[in-house]
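Written below as structure tokens is the structure these notes are about.
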Amino acid sequence: MDTTQTSRRQILVVGSSNTDMVIKAAHLPRPGETILGGTFFMNPGGKGANQAVAIARLGGSVTFICKTGSDIFGHQSQQLFEEEGINTSYVFSDSGNPSGVALITVDEKAENCIVVASGANANLLPSDLAKAEEAIEQADLILMQLEVPMETVCFVADIAWQKGKKVILNPAPAHPLPADLLRHLYLITPNETEAEMITGVKITDESSAGEAARLLSEMGVQHVIITLGSKGALIYSGGKAEMVPALKVEAVDTTAAGDVFNGALTVALSEGRSLKEAARFACKASAISVTRVGAQSSAPYRNEVDIFV
């Protein structure tokens, strides 16, 4: 622990910040159906914010770039980031748009459906990132998702690539990706749906996941990790595929499992671990997260992951 902490590198997260409004229900509603749900939670969320919080709790040194509204949700988010130990020097405030919100329903099997109103997230533009070039310069690893404009993601990836930085893209939610963006990535971490969207390969097993990963590699990405839910994660690097199994737990809410996985993965890589070691660490962190309700609130602390078997 001590050696990794002293050698840890700087992490930059660029992405979204939302407030999640969650209702637990027996099942997910069908079109036109109204159901009476159970418990209601209002939690901080957004893929970028979730990943930044996960990184901070796991001991990573992290700066977060996002845009929130000049409203109560935005002010609360800023305060929470600071309490988590995240560098908020580049959290921009948007006076013209509200903070992002997500409406989430979670069923009794821990599956969820989510609708996001992006708000200020959709207005995080390259012109904002141009003001934060120092943060890109100081970072060793840069983690992004797709809840902010694609032009912004491409802008950051291009600058980072020119500066020799390692860019990790969690391509969620699923979206086709420009060829130039793929060539500027050190690592991409899609789930089955996202990998199919990018490659056209329907993933049904380890073999098809390996084929999708191979195609992503041929598109120019240096390394690929496809997350396969309860099955674990498939690593593709140097022309070889390898599975890292998931840990078996009783899931109650999978809302931010992918975000915790990506945050933990980035922390482990910042400490000099191999892709396989980093994926194992990430699987442990995400396994803990699905045993808890909420997004950021489900992210484990470092000591919890270190003792988890």
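The values are calculated or read from the model by the stated rules, or taken from the named source; none is laboratory data. These numbers come from a predicted model, not from an experiment. Quick reminder, even Gly has a Cβ in these numbers, built from the backbone with ideal geometry, and neighbours come from all protein chains shown. Note: accessible area is taken over every heavy atom of the protein model, side chains too, but ligands, DNA and RNA are not part of it. Shrake-Rupley method; radii C 1.70, N 1.55, O 1.52, S 1.80 Å.
Values for this structure:
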quantity: Flagged links, alpha-carbon separation over 20 Å, of Lys24/Lys248; Lys166/Lys276; Lys47/Lys131; Lys109/Lys276; Lys47/Lys240; calculated: Lys24/Lys248; Lys47/Lys131; Lys109/Lys276; Lys47/Lys240
quantity: Principal axis box of the stretch 207-257, alpha-carbon based, largest edge first, Å; calculated: 37, 18, 16
quantity: Burial order of peptide ranges 47-53, 158-164, 181-187 (average beta-carbon count within 10 Å, highest first); calculated: 47-53, 181-187, 158-164
quantity: Debye, to nearest 20: dipole size of the chain, +1 on Lys, Arg Cβ, -1 on Asp, Glu Cβ; calculated: 520
quantity: DSSP-defined beta bridges in the stretch 1-132 - what % are antiparallel, rounded to 5; calculated: 40
quantity: Local net charge near Lys202, Cβ-Cβ under 12 Å (Lys/Arg +1, Asp/Glu -1); calculated: -4
quantity: Amide H contacts of Asp94 (H built 1.01 Å from N, under 5 Å, at least 5 apart or other chain); calculated: Thr68, Gly69, Ser70
quantity: Cα gyration tensor category, rounded, prolate or oblate, for the chain with a/c compared to 1.5; calculated: rounded
quantity: The chain, relative contact order in percent, only Cα pairs under 8 angstrom and at least six apart counted; calculated: 19
quantity: Counting DSSP beta bridges with both ends in the chain, the antiparallel % (nearest 5); calculated: 45
quantity: Probe 1.4 Å, protein heavy atoms only - accessible area per residue of the stretch 73-131 in square angstrom; calculated: 52
quantity: Cα Rg, Dmax (largest Cα-Cα span) when computed across the stretch 22-87, Å; calculated: 15.8, 46
quantity: Apportionment of accessible area to carbon and sulfur, the stretch 32-140, percent (1.4 Å); calculated: 49
quantity: Amide H within-cut-off set for Gly232, under 5 Å, with H built and near neighbours excluded; calculated: Ala246
quantity: Rg in Å to one decimal, and Dmax rounded to a whole Å, for the stretch 127-275 via C-alpha atoms; calculated: 15.0, 44
quantity: Table column - 3J(HN,Hα) (Hz), the stretch 166-178, Karplus curve with 6.51, -1.76, 1.60, x for Gly and Pro; calculated: 8, 9, 10, 10, 9, x, 10, x, 4, 7, x, 10, x
quantity: Among Gly239, Leu265, Ser297 the positive-end extreme of the charge dipole of the stretch 213-298 (Cβ point charges); calculated: Gly239
quantity: Unit charges on C-beta of K, R, D, E only; dipole of the stretch 19-133, Debye; calculated: 140
